[in-house]
Structure formats: structure tokens, C-alpha cells
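Reading through the C-alpha cells given below for one structure.
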Amino acid sequence: MSTALEGVRVLDMTHVQSGPSATQILAWLGADVVKVEALGGDITRKQLRDLPDVDSLYFTMLNCNKRSVTLNMKSAEGKQIFTDMVKQSDVLVENFGPGAVDRMGFTWDLLQELNPGLIYASIKGFGDGPYTHYKAYEVVAQAMGGSMSTTGFEDGPPVATGAQIGDSGTGIHAVAGILAALVQRGQTGKGQRVTVAMQHAVLNLCRVKLRDQQRLGHGPLPEYPNKEFGDSVPRSGNASGGGQPGWAVKCAPGGPDDYIYVIVQPPGWAPISELIGRPELAEDPEWSTPEARLTKLDKMFQLIEEWSVHHSKWDVLAALNAHNIPCGPILSTQELIEDSSLADNDMIVEVDHPQRGSFTTVGCPIKLSDSPVKVETSPLLGQHNEDVYVRELGINRERFAELQKNGVI
Ligand code: CAO
């Protein structure tokens, strides 16, 4: 079967997480992704290693289905080879520190001249302005995009979220931009520049918090558990903050992830009252309407917890779902990696790796009926030098050996 991005060639100059997460998705959608690495390789190959002398899971889990070539972009011959590769590519993606590709000598003007159809995507920490030249990592973007100030409890410090919204969240935004540019190129024949800033992507994901910032101008936010409000949206713990109240309540036997997140929609209150052994609350005007409950959400969830604490999160999940009540047990990483339904959905996948044996990774969450994804290993450093340089670029074997000897590849 063909794949959605068959025939699309991506020059992948990404490293660490944000960029690699984007190009991995492109590879899963069928693009031929050639990762161009400095001779020492993407720094993450050696970071957080769990086994000696083999590519780390940090690298293998973000670089599946790609090919790897090494190329010294600071050498004259390296630049020439890169020029030839640009001419044969549809998309160039990079996430170096600001200005790095320009300093290599490849400005957008030059890249367009070399290949007018090229789509050139960059991920940076920030847009134009006072922070343009600043580097950024995941939690920097969470800090400056609105996530940290709104995450955590009101009496504690700002908190980083485990979901990598700054890196992989930005990567997904970059994929959307690249795909849109490919579609537009189909109409115009022209490539274009795609830029995504991590701060902007996180802000986009924090959109509803800016909704609440503006609502705050008209008074306190009643669906927040907070009693006092200042000038900004406060950290609101586990409150959903949305139209339907929710909270994480404790379950048996009381371990760190023995909680379930419960949402109380209006029709859910009667069955919940029944389940928690307080059927009279379904009719009690003090409790029976969403407006009545809104003033005492903490007490409402306390009542639910007095029941849930005697049952496992799995039993509570079944009991609540029997009444169509939205809820979600808090799943630990161990529970997730062992979850057979995720494996059945190809979301937890075993991949053979030439050095590691096999490793477990997270599969592709985007399912296309006519473009199936087979997750394949990340490449070893420079594994595809010969494929790309000799067979595809037509460099003869003698020059190939010279390039190796001279530290160009
Ligand atoms: N050949 C020769 N040199 C190469 C090369 C190659 N193939 N590939 C990269 N390099 C060089 C670059 O030219 C650059 O050198 P100069 O600074 O001399 O121009 C250098 O390697 C890379 O610089 P960097 O600033 O990207 O790397 P860093 O480790 O100092 O910073 C990071 C890392 C992530 C902070 C920075 O890349 C960044 O801000 N990126 C944009 C935002 C981003 O994506 N952050 C998310 C990272 S994931 O958490």
C-alpha cells in the first residue's frame, strides 16, 4: 500500500526533541527523512543512556523510520554536498539555536535560489522581538507560554507538566505548517518558509487560560476552586476550569497513582448520588442543580472521594461508565507501557534495533486508513552515508573515501 507522503524527501537537520518529533511524524506518514548530523551526531544519542555505548532511548524514540547521514556543515565540501541535497529535497527542517543555519551560509534567500520549491521549516524558542536570539528548552517554553503559571496548586510554586508541550507540542504545529505548505506548493509550485516558535505553540495550547484571563475582568471565576482572585488566572490544581466541573479523587489502595478524574455533568449527579450512597442529594435543592453545586465543588468531590477511596480506580471507572459519567483513572507510566489496549492500537510498539536488541516506543497517534504506519528503528549514526552520497548523489567511491578521511562525512 502507498503512503500519504510517498515521494516527499525531507532533509532533517533537527536535534534534541522538538524538531525530531516533527520529522518522525513526517517519516511515519511516508516521507523519506534523511537526518543530517554533525560528525558527533545528535547530542541525544549519548544523553540519558540506559545501556553503555548504544544510542539512548531519548534518541531512538524520536528518530524512528529516518535515515542518517553525517556531514560537516562547517567544511567547504560539506556545504557543497548540502547544496546538492537541497536541490533534491522537498522540505528542510531545522531547530538549531537562532541564526545557526544562516551562519552555515544558507540563508533563506540562497535556499530559495537553490530550490524554489523548497519548504523550509524552522523551530525556534521565540518569534520576532526581544527574545528572538534566545535559546529555549521544553520548560522554558512552558514558562513563557502560559503553562507554568497556570499549573500547580494555588499555595505552591509554578509547576512544569510532564507532557512535552514545548517540544513535541511544537513539533506537531510544525508538521501542520509543513503539510499545509506542501498542499499550497501543489497549487503554486513554490516552496515557502514555515516558522514555529515554542512559546507560540505553548500559548496556543494555553488558549483557554487567556479566555479565563479576560473573563476575570468581569469578576471571579466560579468554576475554579480558588477563593480569592487577583489580576491573573490562578493555578487551580486539578480543576477542569471548563464548563463541567472535575477533580481527581482518591481510590484504594491509596498509592501515588490511585486516583480517578471525575467530571460531573448535570445528568451525572443523580447516578453519582446513588453510587456514593447519598441518593437523597439528587433531589435536595442544596445539591440538585449545577448552580447549587458550583458554590461547593470541594465538598461535592469530597463526598465522591469518601466513596471512591474504598474502591480501586478500575472499579470506579467501570461503575461510573455504567452510568455514562466521564472519568479517567490516573495511569502510571508502568500501567501505560503494559496496557494491552494501547499495544493493540499500535501506540505501544516494540521495535528491533541493531545495537539494542529491541526497545519499546510510542507509536504514531495519527491513523490514516490508506497510509498505514510501520514503526521501524532509528538509524545508527551515518548508517546511510553510502546510500545517500554514493547511490543517490552520485559521489564516486574514491571521493567518498576521501570525504571520510578528511572528516567531511
Ligand atoms: N556540521 C557542523 N556543525 C553543525 C552541524 C553540522 N552538521 N549541525 C549543527 N552544527 C553546529 C551549528 O552550526 C551550531 O554552531 P554555531 O553556534 O557555531 O553556529 C551548533 O552546531 C548548534 O548550535 P545550537 O545552538 O543549536 O546548539 P546548542 O546545543 O547550543 O543549543 C538548543 C541547543 C536546543 C538550546 C538550541 O538548538 C535551540 O534553542 N534550538 C531552538 C529551539 C528548540 O528547538 N529547542 C528545543 C530543543 S528540545 O528540548
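Observations, loosely collected:
- Scanning the range 342-357 for residues that are open to solvent by 60 Å² or more (accessible area, probe 1.4 Å), free of Cβ contacts under 8 Å to residues at least 60 places away in the same chain and over 18 Å from the mean Cα position of the chain (by Cα) yields Asp344, Asn345, Glu350, Asp352, Pro354.
- Within the range 183-212, if we keep just the residues that are among the charged types (D, E, K, R) and open to solvent by less than 60 Å² (accessible area, probe 1.4 Å), the residue that is farthest from Glu94 (Cα to Cα) turns out to be Asp212.
- Search result, residues across the range 64-101 that are within 11 Å of the ligand (Cβ to nearest atom), assigned to a strand (DSSP E or B) and either touching a Lys or Arg at 6+ places or on another chain (Cβ under 6 Å) or open to solvent by 30 Å² or more (accessible area, probe 1.4 Å) (or both): none
- Here the range 107-137 is the region considered, the condition is being within 11 Å of the ligand (Cβ to nearest atom) and touching a Ser or Thr at 6+ places or on another chain (Cβ under 8 Å), and the residue that is nearest to Arg9 (Cα to Cα) is Ser122.
- Matching residues in the range 6-18 - criterion: being within 17 Å of Ala180 (Cα to Cα), out of contact with any helix residue (DSSP H, G or I) (no Cβ under 6 Å at 6 or more places or on another chain) and either part of a loop (DSSP other than H, G, I, E, B) or not charged (D, E, K, R) (or both): Glu6, Gly7, Val8
- Just one of (1) more than 30 Å from Ser332 (Cα to Cα); (2) away from the ligand (no atom under 15 Å from the Cβ); (3) of a type in the set (Ser, Thr, Tyr) fails for Thr150. It is (1).
- Annotation note: Cβ proximity below 7 Å between a residue of the range 92-103 that is on the phi < 0 side of the Ramachandran plot and a residue that is assigned to a loop (DSSP other than H, G, I, E, B) and near the ligand (Cβ under 7 Å from one of its atoms) (sequence gap 6+ or interchain) occurs for Asn95/His15; Gly97/Lys135.
The values are calculated or read from the model by the stated rules, or taken from the named source; none is laboratory data. Note that the structure is predicted; figures quoted are calculated from it, not measured. Note that we place each Cβ from the backbone using ideal geometry, even for glycine, and neighbour counts take in every protein chain shown. Protein only, heavy atoms only, side chains kept; ligands, DNA and RNA dropped before computing areas. Shrake-Rupley method; radii C 1.70, N 1.55, O 1.52, S 1.80 Å.
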